[in-house]
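Notes to accompany the following structure.
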Amino acid sequence: MRLTSLDVFRGITVACMILVNMVSIADDKYWPLDHADWNGWTPTDLVFPFFLFIVGVAMTFSLSKYTKDKKPTKAVYLRIFRRGALLFSLGLLLNGFWNYDLSSIRFMGVLQRISLTYLISSLIVLRLSRRNQWILAVGLLVSYWLVMVYVPIPGHGLPDLTQKPEIVQQWNFASFCDRLLIPQKHLYIGSDYLGDPEGIFSTIPAIVSVLIGYFTGQWIQNKKSATSDTSMDLVLCGLSCLVIGSIWDLGFPINKKLWTSSYVLFSSGWALMLLAACYELIEVRLIKRWSKPFEILGMNAIALFVASVLLIKVLVKTNIGTGASSISTYNWINQYLFVSWAGKLNGSLIFGIVTVLLWIAVAVLMYRKNWFIKV
């Protein structure tokens, strides 16, 4: 079974990922296209958890025959581990591009988090009963909250997540664990270490982002036909997650960099509502013409995301001109083709939109050639 609305939602999410990545390089950008400095959220902070949610929904259909009567074979587990390893390797490829200094390459990243959450969630789905899956999901969120808020950091005491970012990013339990698990030279490095936004310890609650997607996909799969009642139920579940996440935010702030439990529920709430909108329009009302470009983009999501990041790195690392007057290719294109007539804010936005349209065109070409790269 293939859920067209899920492909569309995936395509919209990848388009947003490409847009945000391109715009983020510019010095001036509209606030919705930038991450929150610390606690709180912007629309940009919802994009990554949307993708993890989508991974979970897709798992429902790819693993459904192994979660009922037929038990998974060794070949199934091997395929899961192989896919996880490939995603992790692609993440290292992106982090190291293009000099590949293995002595200092950043160990974690976006694809690495997708890899680990997919791998662990798949094992949970295949090995645990539905009841135990729910218990584990709740347990992970509650345990992460208790550890992050109430477990003291050696030498620093209890963390205060409402402190200034430059202080609490460096000294919270997640960053403390990452320092123990990963050598400093392989962590996220700025002028000073301020915590890895895709670190190992904060990957634990991110697993629940995938599991919530899986539970959603299971529920949709059990429906005999597509109706507006299903869409409304998704909306109600989404609103419930938003409310619970917002209440939890009062004691455990919504924070993408720490992937807090409140953030998991809050972002999943938005994901449920946007999936409901796609489901209602496409599966129920059969209004599909608008969605075809996103559906096509979603069919090669990982491949096009990787290619888009590589393009950005090429634009940033190559220069036009020589000596002191040289500027990066990205800045040259942004300044002379967009900012020069649209202004800084609009210029960076238009540059990002043009980039998204470029990759949609590539996706359409791949679709017409019947090229589907499965990762």
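Readers should treat all values here as calculations from the given coordinates under stated rules, not as data from a laboratory. This one's a predicted model, so the numbers in the text were calculated from it and none came from an experiment. We place every Cβ from the backbone using ideal geometry, glycine too, and count neighbours over all the protein chains shown.
Placing +1 on the Cβ of every Lys and Arg and -1 on the Cβ of every Asp and Glu, with nothing else charged, gives the stretch 11-126 a dipole about its Cα centre of roughly 1060 debye. Only helices at least 20 Å long along their axis, Cα-based, and averaging 1.0 or more on Kyte-Doolittle count here, so list those DSSP H runs from the chain. Qualifying helices, which must be both long enough and hydrophobic enough, are 4-24, 47-62, 110-127, 203-221, 228-248, 261-278, 301-317, 344-368.
Dividing the mean sequence gap of close Cα pairs (under 8 Å, 6+ apart) by how many residues the stretch 49-286 holds gives a relative contact order of 25 percent.
Across the stretch 240-317, Cα-Cα distances exceeding 17 Å account for 65% of all pairs. Does the stretch 285-375 classify as rounded, prolate or oblate by the C-alpha gyration tensor (a ≥ b ≥ c root eigenvalues; a/c under 1.5 gives rounded; else a/b over b/c gives prolate, otherwise oblate)? Note, shape of the stretch 285-375 comes out oblate. Could you work out how far the C-alpha centroid of the stretch 209-282 sits from that of the stretch 340-359, in angstrom? Rounded to whole Å, the Cα centres lie 31 Å apart. When the inverse distances between all different Cα atoms of the stretch 49-286 are averaged and flipped, the Kirkwood radius reads 19.1 angstrom. Between the amide H of Asn319 and those of Thr329, distances stay under 5 Å, these residues lying 5 or more places away or on another chain, with hydrogens modeled in the peptide plane. Here the scattering of the stretch 58-146 is modelled by Debye summation over its C-alpha atoms, one equal scatterer each and no solvent; at q = 0.15, 0.21 Å⁻¹ the log10 of I(q)/I(0) is -0.70, -1.02. For the stretch 1-127, what does the alpha-carbon gyration tensor say about shape, rounded, prolate or oblate, given a ≥ b ≥ c as the root eigenvalues, a/c under 1.5 as rounded, and a/b over b/c as prolate? Oblate is the answer for the stretch 1-127, as a/c is 1.5 or above yet b/c matches or exceeds a/b. Overall, the stretch 49-286 carries a charge dipole of about 1120 debye about its Cα centre when +1 sits on the Cβ of Lys and Arg and -1 on the Cβ of Asp and Glu, all other atoms neutral.
Fewest neighbouring Cβ atoms within 10 Å first, the residues Ser261, Ser64, Ser225 line up as Ser225, Ser64, Ser261. Note on His35, His156: ascending count of other Cβ atoms within 10 Å places them as His156, His35, the fewest first. Residues considered: Ser325, Ser62, Ser231. Largest GNM mean-square fluctuation over the chain, using C-alpha springs under 10 Å, is found at Ser325.
Taking a ≥ b ≥ c as the square roots of the eigenvalues of the alpha-carbon gyration tensor, the stretch 192-292 is classed prolate because a/c is 1.5 or more and a/b outweighs b/c.
The ranking of Trp341, Trp41, Trp219 from fewest to most other beta carbons within 10 Å of each one's beta carbon is Trp341, Trp219, Trp41.
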